[in-house]
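Have a look at the structure below, then the notes.
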Amino acid sequence: MSKADLETPLDLSSLAGKGVLITGGASGLGAAMVKAFAKAGSYVTIADLQQELGEKYAAELTAEGYNVQFVHTDVTSWASQVKAFESASVFCPTRSIDVVIPSAAVFSETFLDLMTPVTGEQLPEPSTTVFDVNITGTYYTAKLAAHYFRPTSNSEHESSRLKSLIFMASLGGYIAGARFTAYGATKFAVRGIWKHSRDDLKALGIRSNLIAPWFIPTPMTESQVEHLKGKIQFAKVDDVVDAALRCAADQRIQGRAIAVTPGGNVDLRDDPEGLDAGVEVGRVVSGLDKLIDAVSTMET
């Protein structure tokens, strides 16, 4: 499988007039991608639980002349996601959805949090929200994307080859470490959903790719970032946006996993030829080993 070209200047003209749905698009990385696709001329649907924030952001971008709508969405609810996809499918003048990015995600407590209750008290039941949002939500989004990407009786099969599903994982889905057991496990799961579905999607003419960022300051990672400032280098939001735009616009990029590191973007070669990313992850880790140690030993 050919490595993704991450250097050639992007031609975003193919994104003009396309229908794009981004879950978790009201803030953080999702919001940055929403604006980038809107600037490229796409019709963007923000599917997010944060109603006030999402409505405000969509209104701001609309006032700037972009085509953006907000749909209040709970990604853990199948019915709620169906509503978002239905709305996105009619928002675009072509009555289609062309790009889907399951970006909604949450963080969680560390594995050993809540493990020292007062003597005699029951251990509190841990929350499973991180699994519900990051895994179930992503799975629902991917299933619906595959459904809405498939050609209708009035369209040509070849048109589905323009469709792009971009999974949002994390380098935590490749590099195991302390302190982020639940979150890291969900990102391993997102990677698994992508790896097991990409050939099925390819058979339908649908391109699927994955983005795996290193730590980036966003509202979701705010508490962790505060502990890490001055200790590690962060990856850049702009590099995540560039990876997403490339995956959507470059028809040659198919079945690739792109790491977003402090030094830029890297094709992880997460395929049999690349030993399921083993070689490239080794190179990435060799450049991040001190940063990983800082993360693993940070205080809470």
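Observations
- Among (1) over 18 Å from L144 (Cβ atoms); (2) part of a loop (DSSP other than H, G, I, E, B) - the single one A38 does not satisfy: (2)
- Extreme residue, farthest from V106 (Cα to Cα), among residues of segment 59-85 that are free of Cβ contacts under 8 Å to residues at least 60 places away in the same chain and in a helix (DSSP H, G or I): A63
- Just one of the listed residues (D11, D5, D74) is among the acidic types (D, E) and farther than 22 Å from N209 by Cα, namely D74.
- Matching residues in segment 147-170 - criterion: being touching a helix residue (DSSP H, G or I) at 6+ places or on another chain (Cβ under 7 Å) and either part of a helix (DSSP H, G or I) or modelled with pLDDT under 90 (or both): Y148, F149, R150, P151, S160
- Residue, modelled with the highest pLDDT, within segment 171-184, restricted to residues that are of a type in the set (G, A, S) and crowded, with 19+ Cβ neighbours inside 10 Å: G173
- Filter result for the condition that a residue is closer than 30 Å to E280 by Cβ, out of contact with any Gly (no Cβ under 8 Å at 6 or more places or on another chain), among the polar types (S, T, N, Q) and part of a loop (DSSP other than H, G, I, E, B), over S2, S14: S2
- Every condition in (1) out of contact with any Leu (no Cβ under 8 Å at 6 or more places or on another chain); (2) buried (at least 24 other Cβ atoms within 10 Å of the Cβ); (3) of a type outside the set (D, E) is met by T45 except one, and the failing one is (1).
- Checklist (1) under 27 Å from A257 (Cβ atoms); (2) at pLDDT 95 or above; (3) surrounded by fewer than 17 Cβ atoms within 10 Å (Cβ to Cβ) applied to E52, failing item: (1)
- Meets criteria (more than 20 Å from V82 (Cβ to Cβ) and aliphatic (A, V, I, L, M)) for A31: yes
- Matching residues, segment 1-42, being of a type in the set (K, R) and either surrounded by fewer than 19 Cβ atoms within 10 Å (Cβ to Cβ) or out of contact with any strand residue (DSSP E or B) (no Cβ under 7 Å at 6 or more places or on another chain) (or both): K3, K35, K39
- From the options D11, D48, residue that is closer than 16 Å to M168 by Cβ, of a type outside the set (V, I, T) and in contact (Cβ under 8 Å) with a residue 12 or more places away in the chain: D48
- Unmet criterion (only one of (1) surrounded by fewer than 22 Cβ atoms within 10 Å (Cβ to Cβ); (2) closer than 29 Å to I253 by Cα) for S108: (2)
- Some residue of segment 41-58 being in a loop (DSSP other than H, G, I, E, B), at positive phi and of a type outside the set (V, I, T): yes
The values are calculated or read from the model by the stated rules, or taken from the named source; none is laboratory data. Keep in mind that what you see is a predicted model, and the values were worked out from it rather than measured. Here Cβ is always computed from backbone atoms with ideal geometry, including for glycine, and neighbour counts include all displayed protein chains.
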